[in-house]
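Asks: To start, I am sharing the structure in question, which I have written as structure tokens.
Derivation of every value follows stated rules applied to the coordinates shown; laboratory data play no part. Here the structure is a predicted model, which means the values were calculated and not measured. Note: ideal-geometry Cβ built from the backbone for every residue, glycine included; neighbour counts use all protein chains shown.
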Amino acid sequence: MKKLLLAVAVSTVAAGSVNAATVYEKDGFTYKLNGDFQIQFRQATGFDERAEVEYDDMELKNYVAYDLGNDLTAFGRLDVGYKKAAEGSQDASNLEEAYVGLKYGVASFSFGKQDFAGDEFGIEEAYEVETIDEDRFDGVETAGDDTIRVDIELENVYIAASHEMDAADQDGEYYDLFVATELAGLELAAAYQQSRAAGAAESADTWGVSASYDFGFMNLAADYSSTDEDDFETTQYNLAAVFAVAATTDVALGMGNKEEDDADDITEWYANVTYKFPAAKNVSVFAEIAQSDLEDASGDDADMGFLAGMRVKF
């Protein structure tokens, strides 16, 4: 689930998470560790689905930095995730991110295994989506292991650009750009990706725009994104609203619609509630229902999905 407000969601690769615990700090060296553990009971939206225990986030993230003086910082991240291992894929790699970089003033440069800039895009607020993607950038590659990335944080503007090199591992080549700005409670963002999958003759173009506004009693957001590949276009839009019904409780409502050329569009909606414990806001419990207008070959409607779970992070 993505945060609704971009100012909260965007975390540059050169900074440790706001939730991270500082394990050690001395003589210009900083080591931070943060984790995100989320487990839920879930029955997915679809046909003849069965309830199961699902592991959404089981991550440990390590961040180290050295103050080199003159406003220059060297940093590195090593993130491991245990989701696949917890679900029985014991041979799956645990490594999710591994990169190093330099930060000078408002700009940082990093390279290694990391997310693309386009992964920052999106306003969708569901804990899980099943029959459609979060957005068109979720429907394409959003991370790589031959990635060069630049992040720039200005007072009211955030810019990220990345390039996944066409290396010998045949992952393909990707160029991503993401820009976000905030003005008087209104947050606007745009993203673009040009991609060429390994062995593909032509490149694909994905772009998107989003907006969110804080009304005080609720946050309202929308995004629109599109992918054009080999003259085949797929478009998608999302709407989401988050209401703070109490100091400890948020309710989110949202829907997404995906449309492909020469195919019926698919709409999925969801509603969820999240309760954060007053004594520890990083501990929460949540529940969600979701439904889709997807039909099977016989014309039967998809069954409603639901989930309930708990999240602990630091």
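Asks: Return the loop-located GluC sites (Glu not before Pro) in the range 177-233 (DSSP other than H, G, I, E, B) with at most 14 other Cβ atoms within 10 Å of their own Cβ; answer none if there are none. Before the final figure, lay out each step's value.
Replies: Numbers: sites: Glu182, Glu187, Glu202, Glu229, Glu233; in loops: Glu202.
Filter output for the range 177-233: Glu202.
Asks: Hey, in the GNM for the chain with a 10 angstrom Cα cutoff, which one of Tyr66, Tyr175, Tyr127 fluctuates hardest?
Replies: Tyr66
Asks: Okay, moving on. Where the centre of each part is set by its Cα atoms, how far does the range 36-98 sit from the range 290-314, in angstrom?
Replies: What the calculation gives is 22 Å, centre to centre.
Asks: Can you give the extra length, in nm with one decimal, that the chain gains between Thr22 and Asp71 once fully stretched, where that is 0.36 nm per residue apart less the Cα-Cα distance?
Replies: Computed gain between Thr22 and Asp71 is 15.6 nm.
Asks: Where the only charges are on Cβ atoms (+1 Lys, Arg; -1 Asp, Glu), what is the dipole of the range 6-313 about its Cα centre, to the nearest 20 debye?
Replies: That gives the range 6-313 a dipole magnitude of about 2300 debye.
Asks: Ok, one more. Tell me which lysines have Cα within less than 28 Å of Lys113's Cα, excluding those fewer than 8 residues away on the same chain?
Replies: Cross-link targets: Lys2, Lys3, Lys26, Lys32, Lys61, Lys83, Lys84, Lys103, Lys313.
Asks: For Rg and Dmax of the Cα atoms in Å, pick the label among (i) 20.5, 75; (ii) 20.0, 68; (iii) 19.6, 60 that corresponds to the value derived from the coordinates.
Replies: Answer label, from the structure shown: (ii).
Asks: Going by how many other beta carbons lie within 10 Å of each one, how would you line up Phe217, Phe47, fewest first?
Replies: Phe217, Phe47
Asks: I need Arg196, Arg77, Arg50 ordered by Cβ neighbour count within 10 Å, fewest first. Don't jump to the answer; show the numbers that get you there.
Replies: Numbers: Arg196 16, Arg77 24, Arg50 7.
Fewest-to-most ranking of Arg196, Arg77, Arg50: Arg50, Arg196, Arg77.
Asks: Compare the peptides 128-140, 242-254, 34-46, 289-301 by average per-residue count of other Cβ atoms within 10 angstrom and give them in order, highest first. Mind dumping the intermediate values first?
Replies: Working: 128-140: 21.4, 242-254: 15.5, 34-46: 18.5, 289-301: 13.8.
Packing order, densest peptide first, comes out as 128-140, 34-46, 242-254, 289-301.
Asks: Out of the GluC sites (Glu not before Pro) in the range 22-64, which ones are loop residues according to DSSP with at most 16 other C-beta atoms within 10 Å?
Replies: Glu49
Asks: Given the DSSP H assignment, sum -39500 (n - 2.57) over each helix run of at least 4 residues in the chain and divide by its residue total; what's the result at 222 nm in deg cm²/dmol, nearest 500?
Replies: Helix-only estimate at 222 nm: -500 deg cm²/dmol.
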